[in-house]
Every structure is written in C-alpha cells, then in structure tokens.
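Here's the structure, in structure tokens; my notes come after.
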Ligand code: THU
C-alpha cells in the first residue's frame with residue numbers, strides 16, 4: 001500500500017462525509033501493521049458538538065476490528081487541513097511514530113510523523129503502574 005493509494009482511498013471515502021453544517025468534508029484512510037486499511041469520514045450532527053472527525057472514525061473502526069498498531073493515515077480535504085489535537089492524541093495511542101499524509105482535493109500532499117505533530121504526548125507511560 002503506497003501513500004498515493006492511501007490518499008486515493010481517503011479521497012473515495014470522503015464522498016460519504018456527512019458535513020451539512022460546516023461543509024468541510026474530510027476523508028481518511030488508516031493503514032495498520034496487518035496491512036489492512038480502515039476508512040473514515042467526519043459525521044456531524046444537528047447538535048453541533050457531537051461531530052466526530054474522519055480520523056477518529058477510522059481509528060475506532062480499526063480498533064473495533066482488533067487492530068492496535070497504526071502505520072499511516074491519509075487525510076483528504078479541500079485545502080489539505082491538518083488533524084485536530086483530539087485526533088492527534090487518539091492516533092498517538094496506537095501509532096506514536098505513524099506517518100500522517102495530508103492531501104488537498106487536487107492530490108497535492110505533505111507528510112509528517114505524528115511524533116512531530118504531537119511531541120511529548122500523554123501516553124500509557126505517564127500513568128501509574130497498576
Ligand atoms: N474535522 C475532521 O474530520 N478532521 C479534522 O482533523 C478537523 C476537523 C471535521 C470536524 C467537523 O465535521 C468539520 O471537520 C469542521 O470542523
């Protein structure tokens with residue numbers, strides 16, 4: 001699975017984004033260590049604060065399928081926007097070193113490591129031993 005293919009899958013998924021309130025449509029495609037890809041879209045609600053981002057949709061789909069190791073995520077928006085802080089934190093739980101590929105609608109992309117987008121993240125190591 002190349003990053004280009006991952007971008008294409010995120011772009012296809014984006015067609016199902018439910019964003020009638022913001023009109024900001026987001027598609028994501030998450031690659032796990034098993035080689036599987038889980039897509040996600042943002043899903044908004046008339047109760048605005050209940051919107052869920054595309055990245056977290058993909059993450060919870062992957063974990064629900066038994067995946068615990070994230071390798072890369074592609075995110076496609078109109079303008080190549082970057083994942084919000086909440087999504088960075090959720091992704092870091094399962095892929096602190098994963099690649100984050102951000103593409104705009106024309107396919108132009110840039111790539112980060114999640115560890116650069118969210119340095120010194122709060123993780124399992126910060127919690128007391130149980
Ligand atoms: N959104 C995402 O899906 N991912 C992000 O990283 C940023 C924001 C969604 C949430 C909401 O549906 C819309 O974009 C505008 O904030």
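Antiparallel beta bridges, as assigned by DSSP with both residues in region 3-116, represent about 75 percent of the total such bridges. Which angle between 0 and 90 degrees, to the nearest 10, do you get for helix 54-64 versus the longest principal axis of the chain when only C-alpha atoms count? For helix 54-64, the angle is close to 50 degrees.
Rounded to the nearest 0.05, the FRET efficiency derived from the C-beta distance between residue 120 and residue 16 at R0 = 30 Å is 0.30. Angle of helix 85-94 to the longest C-alpha principal axis of the chain, folded into 0 to 90 degrees and rounded to 10: 50°.
Each residue in 121, 38, 48 was given a count of other beta-carbon atoms within 10 angstrom of its own, and listing them fewest first yields 48, 121, 38. With neighbour counts taken as other beta-carbon atoms within 10 Å, the residues 94, 70, 122 rank, fewest first, as 122, 94, 70.
From its DSSP helices (H runs of at least four residues, each -39,500 (n - 2.57)), the chain gives a residue-normalised ellipticity at 222 nm of -8000 deg cm²/dmol. The C-alpha atoms of the chain define a longest principal axis, and helix 3-13 lies at about 60 degrees to it. Stretching residue 69 away from residue 86 to a fully extended chain increases their span by 4.3 nm, per 0.36 nm per residue minus the current alpha-carbon distance.
What separates the Cα centres of region 25-61 and region 1-17 is a distance of 12 Å.
Would you order 53, 87 from fewest to most other beta-carbon atoms within 10 Å of each residue's own beta-carbon?
With the fewest neighbours first, 53, 87 line up as 53, 87.
Values quoted throughout were computed directly from the atomic coordinates according to the rules given, and no laboratory measurement underlies them. Values in this document were obtained by computation on a predicted structure and should not be read as measured data. For neighbour counting, all protein chains shown are included, and Cβ atoms are generated from backbone atoms with ideal geometry for every residue, glycine included.
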